[in-house]
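Down below is the structure, laid out as structure tokens.
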There are 2 protein chains.
Amino acid sequence: MPQTAAVNRRFVLAAHPQGLPTPQDVRLETGPVPEPGDGQVLLRTLYLSLDPYMRNLMDEVGPVYAPAVPLGEAMVGGTVNRVVASNHPDFKPGDLVLGNAGWQDYALSDGSDLTALGDMAEPSHALGGLGMPGFTAYVGLLDLGQPKPGDTVVVAAATGAVGAVVGQIAKLKGARVVAIVGGEDKRRYALDELGFDVCLDRRDPDFAAQLAQACPDGIDVYFENVGGEVFDAVLPLLNIGARVPVCGIIAHYNDKTAPAGPDRVPLLMSAILQKRIKVQGFIIFDHYEQRFEAFRRDMAEWIGSGALKLREDRVDGLENAPEAFIGLLQGRNFGKLVVRVGED
Amino acid sequence: MPQTAAVNRRFVLAAHPQGLPTPQDVRLETGPVPEPGDGQVLLRTLYLSLDPYMRNLMDEVGPVYAPAVPLGEAMVGGTVNRVVASNHPDFKPGDLVLGNAGWQDYALSDGSDLTALGDMAEPSHALGGLGMPGFTAYVGLLDLGQPKPGDTVVVAAATGAVGAVVGQIAKLKGARVVAIVGGEDKRRYALDELGFDVCLDRRDPDFAAQLAQACPDGIDVYFENVGGEVFDAVLPLLNIGARVPVCGIIAHYNDKTAPAGPDRVPLLMSAILQKRIKVQGFIIFDHYEQRFEAFRRDMAEWIGSGALKLREDRVDGLENAPEAFIGLLQGRNFGKLVVRVGED
């Protein structure tokens, strides 16, 4: 069933996932298109962003940085929307906006969370390289990772929404980029299209040895967005003074219990101490006010000059969002995952 | 046997310790007092500093930041010395200097590692509050911890060489200091003499609950110099944006193997991410050039005005160094541990 003007389709959280989500953890419901009240805007969704952080919001107790989705409520998510109707002075029907309509065709907003997109050529990029994932890459790499020319920068999920931008900005700053992906098609793309210096497949049995060989001068910056075995292979290679911005640990989002021992916290703390490593977590919502304008300016320049490429993995139809999201958590996407919910 | 002009006593590393060092891991040897060659200075030791980092240098493979002590060689250590004889233009007999003579009565130096102390009133303080441990506290707290007025700062080993200075500087900067010690005498001293707001005994069975109660607004800065159960109790209380300078993990220096599981690295990384925590290791040797002058100036002012107090745990006689060192690793010292090796 495609998007219509008469019905609102939405996916609600049906159950808190046990480990990797299943299609049954969300439920498709239909209902009337809501009516905007005083000061409200009615939005129609063109594109829905699917991002790993959403997995954390499906747990009964959500993460520190955002409220959990209640059972029976619509799954949240960033969206590109057309304004259908507006009782808000700043928006009029037909406007293209960045919003947070979630996994549904229609949503209401009081306007405070909307950003006008004007006549943006590729509006879905506002959900990817020009939006939250790209901004995450920019702040994490430049402000926290601080790569210097000649530094070795290691980035995992290196063809994903965040990783691909991290690696390309690192190259622009003169660093040597060792990329990590899952799969030969992604490996070829990372080398041939994104221009990374080395690209390894994390699923190779001797991945850790390959990484050591690929980093003969150690690792100066590790952009942490996966955790798990990749982090284990990176840790012994970190240089004195290394920086580790932490933007995600997707390998662990589906953990039901902590991994088996031994407890390596003392080992990690010892490495942090001896090598004077800085490990710093960040949540991108904290940084918009100070850094978003610089990000937009720089990204526009890099994309305009062809120095930075964005790749989208576009899925057609809201009904396919659950399967695409589960694939994202397994690394099956190839580029920024976006669902085309409705025609423009 | 006291220090004499005729014989050099020295402790050499006899064996790599298995876990906590034993007195048999070092061996007292005697030999002739060495003769200074061209450009060399002969030093006589007045005070020897004993510090936790020395434990790491006793392992077969030393830490990243310093070479291991070879078997049969003298144990290393910072010292306050009188110059006995000099073939170096910058030093003359009788000069009081800060050096690295190690665990022995006499040593030679080429002068490059010596700092003139002039007619310092309390020369042993050059090994404590006015030296490496005090500087560690200063840089770690101010540059990395960055406490703001009203912040809750937690410091462990809070009557020790580093911790006592951390806590007192934090108080001077307007923070609320929650101190952790082992033993009632230290607890009284931390409250009554050092003026910390709360002081807990880490050996109390309900220590973690006490810490939670003592930090109703969470923890903004945790100065990590112990690790172990203290860190475990601190971690869930860290606030969004908390800073964790890591200067030591003494609780683990004697670990023979990693602690039993589960592996809590993902848990730690998840906390770092969600709470945007900065965990940063540092080794004080990196910071002398940029920050030592500011440290000396500030400390002189604070000590001069009585705003900052230094407490020394002084042991008499080089022969007692091994036992004192083992006690240090068990938290038995009360203040900066210094061995008075020879009379001035």
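The values are calculated or read from the model by the stated rules, or taken from the named source; none is laboratory data. As the structure is a prediction and not an experimental result, all values here were calculated from the model. Glycine also receives a Cβ, built like all others from the backbone with ideal geometry; neighbour counts cover every protein chain displayed.
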For the condition more than 7 Å from chain A (Cβ to nearest Cβ), buried (at least 18 other Cβ atoms within 10 Å of the Cβ) and either acidic (Asp, Glu) or in a loop (DSSP other than H, G, I, E, B) (or both), what is the one hit in B:Leu337, B:Leu308, B:Leu328? B:Leu308
Only one of these is part of a loop (DSSP other than H, G, I, E, B), within 29 Å of B:Met54 (Cα to Cα) and either touching a residue at least 60 places away in the same chain (Cβ under 8 Å) or in contact with a Gly (Cβ under 9 Å, 6 or more places away or on another chain) (or both): B:Arg243, B:Arg203. Name it. B:Arg203
Of the residues B:Tyr222, B:Tyr189, which single one is surrounded by 15 or more Cβ atoms within 10 Å (Cβ to Cβ) and in contact with a helix residue (DSSP H, G or I) (Cβ under 6 Å, 6 or more places away or on another chain)? B:Tyr222
Every residue in the stretch A:60-107 that is closer than 20 Å to A:Ile283 by Cα and of a type in the set (S, T, N, Q), please. A:Thr79, A:Asn100
Suppose the filter is assigned to a loop (DSSP other than H, G, I, E, B), touching a residue at least 40 places away in the same chain (Cβ under 8 Å) and more than 10 Å from chain A (Cβ to nearest Cβ); does B:Val221 pass it? no
Taking B:Ala294 as the residue in question, decide whether it is part of a helix (DSSP H, G or I) and either within 11 Å of chain A (Cβ to nearest Cβ) or under 29 Å from A:His287 (Cβ atoms) (or both). no
Filter the stretch A:208-267 for residues that are out of contact with any Asp or Glu (no Cβ under 8 Å at 6 or more places or on another chain) and among the charged types (D, E, K, R); the one that is nearest to A:Gly174 (Cα to Cα) is A:Asp217
Just to be sure before I move on: is B:Gly281 surrounded by 21 or more Cβ atoms within 10 Å (Cβ to Cβ), more than 14 Å from the chain's Cα centre (by Cα) and of a type outside the set (Phe, Trp, Tyr) in the structure I sent? yes
Quick test for you: out of A:Tyr65, A:Tyr53, pick the one residue that is under 30 Å from A:Ala121 (Cβ atoms) and in the same structural domain as A:Asp110 (by TED's automatic domain parsing). A:Tyr53
Is there a residue in the stretch A:184-192 that is of a type in the set (A, V, I, L, M, F, W, C), free of Cβ contacts under 8 Å to residues at least 40 places away in the same chain and in a helix (DSSP H, G or I)? yes
Answer yes or no: is there a residue in the stretch B:270-277 that is facing chain A (nearest Cβ under 7 Å), at pLDDT below 95 and more than 25 Å from A:Asn225 (Cβ to Cβ). no
Selection from the stretch B:201-240 of residues under 19 Å from A:Ile277 (Cβ atoms) and among the small types (Gly, Ala, Ser) yields B:Gly227
For residues in the stretch A:1-59 being part of a helix (DSSP H, G or I) and of a type in the set (A, V, I, L, M, F, W, C), which is farthest from A:Leu117 (Cα to Cα)? A:Leu57
Can you tell me which residue in the stretch A:249-259 is surrounded by the most Cβ atoms within 10 Å (Cβ to Cβ), limited to those that are touching a residue at least 40 places away in the same chain (Cβ under 8 Å) and more than 7 Å from chain B (Cβ to nearest Cβ)? A:Tyr253
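Okay, residues lined up against (1) at positive phi; (2) in contact (Cβ under 8 Å) with a residue 12 or more places away in the chain; (3) in a loop (DSSP other than H, G, I, E, B):
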| residue | (1), (2), (3) |
| --- | --- |
| B:Arg82 | no, yes, no |
| B:Lys92 | no, no, yes |
| B:Ala101 | no, yes, yes |
| B:Pro133 | no, yes, no |
State whether one or more residues within the stretch B:93-100 are among the acidic types (Asp, Glu), surrounded by fewer than 13 Cβ atoms within 10 Å (Cβ to Cβ) and assigned by TED's automatic domain parsing to the domain that holds B:Glu319. no
Go through the stretch B:77-100 and give me each residue that's polar (S, T, N, Q) and touching a Lys or Arg at 6+ places or on another chain (Cβ under 8 Å). B:Asn81, B:Ser86
Restricting to the stretch A:35-65, what's the tally of residues that are touching a residue at least 60 places away in the same chain (Cβ under 8 Å) and within 12 Å of another protein chain (Cβ to nearest Cβ)? 4
Given the residues A:Val230, A:Val139, A:Val226, A:Val165, which is the only one that is assigned to a helix (DSSP H, G or I), within 14 Å of chain B (Cβ to nearest Cβ) and either over 20 Å from the mean Cα position of the chain (by Cα) or under 18 Å from A:Leu328 (Cβ atoms) (or both)? A:Val230
Can you confirm whether the stretch B:240-247 contains a residue that is surrounded by fewer than 21 Cβ atoms within 10 Å (Cβ to Cβ) and either at pLDDT 95 or above or more than 7 Å from chain A (Cβ to nearest Cβ) (or both)? yes
Tabulated pairs, the stretch A:290-310, first charged (D, E, K, R), second assigned to a helix (DSSP H, G or I), C-beta under 6 angstrom, 6+ apart or interchain: A:Arg291/A:Val139
Please verify whether B:Arg55 is buried (at least 18 other Cβ atoms within 10 Å of the Cβ), of a type in the set (Lys, Arg) and more than 14 Å from B:Val341 (Cβ to Cβ), treating the condition exactly as stated. yes
